[in-house]
Amino acid sequence: MNLKAYLAERRELVDAALDRMLPADEAGGDILKAMRYSLFAGGKRVRPILCLAACEAVGGGLEDAMFCACALEMVHTYSLVHDDLPAMDDDDFRRGVPTNHKVFGEGMAVLAGDGLLTQAMVLLSDADRGEGLDPARVLRAARAVMRAAGYEGMVGGQAADLAGENAEPDLALVQFIHAMKTGALITASARSGAILGGADEKGEEAMVRYGRRVGLAFQIADDLLDLTGDSRLLGKDTGMDEARGKMTYPGVAGPAAARETGLRLVEEAAQSLEHLGEPAEPLILIARYIMERTN
């Protein structure tokens, strides 16, 4: 299959769904404008695409998981808005455009992130969105996403990342931070899609194994791109991790070892889904793409 065409098509579907689920409305004021500004700033939509692909891989349909896919992108975008704030990474650009706080101010950026996270919770708990699905599965999928977003996942990883700045290099700590800060939500993307698609216990466990490996590889690739990537393609400045004293995988293990680890992880991720056959092909190709991407 043509992965580039597949990703472009799915990105368009997700963008259209996000526009329906968080429509522009002048009555919404600056807060809605700020939320939509970052939500539609050109993201790759990796997490929602993984959710949809996982759902289809186990026999579900796109609409079974679209509400969850959009919620995942809102959670991810909220995390980027807050991550860019002066109190965190203090970034001026994200995806090639000024960061939210540079356009709307720090206070509004905080609220925009809060609004996106809350709207994700609204989507995940809206009975109409999961119409026709087993309510217990909808609840399990929602719990997987929100748990991954909290202190047991992304927020906890961000806290450990902040605490680890300028600390002595520690590979175990780097792996923990990456697994929490990036890996948890990526794992939840694959897991929630599988749950909504009707996966049995074995299928769900396979998606968790896949997500954990893809999640760690994704952050390793990000770390490498910060070292060697093109800022024009990335849409943000490079070399910032080292400048901030952040602990990264290539910084601790070396770039060559980091790349080798990333390549091993994506192959392990691919192998974990081989038993699903052709329906899992998009997920397998996405895993391998993780270490090939340039932005």
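Here are a few things to note about the model shown:
- Note on the chain: GNM, Cα springs under 10 Å; of Ala258, Ala24, Ala217, the largest mean-square fluctuation is that of Ala24.
- Sequence-ordered 3J(HN,Hα) estimates for the range 172-177 from the Karplus curve with 6.51, -1.76 and 1.60 and θ = phi - 60° stand at 4, 5, 4, 4, 5, 4 Hz, glycine and proline given as x.
- Additional length obtainable on full extension of the chain from Asp90 to Gln271, 0.36 nm per residue less Cα span: 61.3 nm
- Less than 5 angstrom separates the built amide H of Thr99 from those of Phe93, Arg94, all sequence-distant by 5 or more or on a different chain.
- Whether the range 1-160 is rounded, prolate or oblate, judged on the alpha carbon gyration tensor where a/c under 1.5 counts as rounded: prolate
- Cα-based shape type of the chain, given that a ≥ b ≥ c are square roots of the gyration tensor eigenvalues and the cut on a/c is 1.5: oblate
- Cα gyration tensor shape for the range 93-187, rounded if a/c is under 1.5, else prolate or oblate: oblate
- Extended-chain gain in nm, criterion 0.36 nm per residue less alpha-carbon gap, Asn2 and Thr118: 38.2 nm
- Separation between Cα centres of the range 189-230 and the range 39-72, rounded to whole Å: 13 Å
- Here each label is just a point 7 Å from Cα along the line to Cβ, and for Leu139 and Arg293 those points are 3.4 nm apart.
- Residue-averaged 222 nm ellipticity for the chain, from DSSP H runs of 4+ at -39500 (n - 2.57), nearest 500: -21500 deg cm²/dmol
- By average C-beta atoms within 10 angstrom, highest first, the peptides 198-205, 71-78, 267-274: 71-78, 267-274, 198-205
- Protection proxy ranking, peptides 46-58, 280-292, 8-20, 163-175, average beta carbon neighbours within 10 Å, highest first: 46-58, 280-292, 8-20, 163-175
The numbers here are math on the coordinates, done by the rules we state, and not lab data. These figures come from a predicted structure and were not determined experimentally. No Cβ is skipped: glycine too gets one built from the backbone with ideal geometry, and neighbour counts run over all protein chains shown.
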